[in-house]
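Undergrad: The structure follows.
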C-alpha cells in the first residue's frame, strides 16, 4: 500500500465510527482503481480520436486544395502551340535608344 492509500484509509477510519472490516477497505480501493483505469482509458482514447481527426482533416484539406497534375493544353487558351512555347523568345527592342553608346 502506498502512503496516499494509507492516508486515505486512516482518514476514512477516523471519519467512520464503526469500521466494517479490512475487506471493505479492499473493495473501496478496488473500486477506486477501476475508476482510475476507466478514466485513463477514456483520456487516452479521446486523445487518439482527436489526433486521428486532425490527421484526416488535414489530409482531406491537402487533397482538396492541391491541383491534380493532369495533361494541359500547353497554351491553347492563349491560342499558341507547344512548339511555339518551347521556342519563343523575348521580342527585340526596337524603340529609340537601341543604338546609344555605340
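Undergrad: Might you let me know whether the stretch 22-45 holds any residue that is loosely packed, with under 10 Cβ neighbours inside 10 Å, at pLDDT below 85 and within 25 Å of residue 1 (Cα to Cα)?
TA: Checking the stretch 22-45: at least one residue is loosely packed, with under 10 Cβ neighbours inside 10 Å, at pLDDT below 85 and within 25 Å of residue 1 (Cα to Cα).
Undergrad: What pairs can you find where one residue is in the stretch 19-45 and at negative phi and without any contact (Cβ under 8 Å) to a residue 24 or more places away in the chain, the other is in a helix (DSSP H, G or I) and surrounded by 10 or more Cβ atoms within 10 Å (Cβ to Cβ), and their Cβ atoms are less than 7 Å apart, with a gap of 6+ or different chains?
TA: 19/13; 25/9
The values are calculated or read from the model by the stated rules, or taken from the named source; none is laboratory data. Given the structure is predicted, the values throughout are model-derived calculations rather than measurements. Ideal geometry is used to build each Cβ from the backbone, glycine not excepted, and the neighbour counts take in all protein chains shown.
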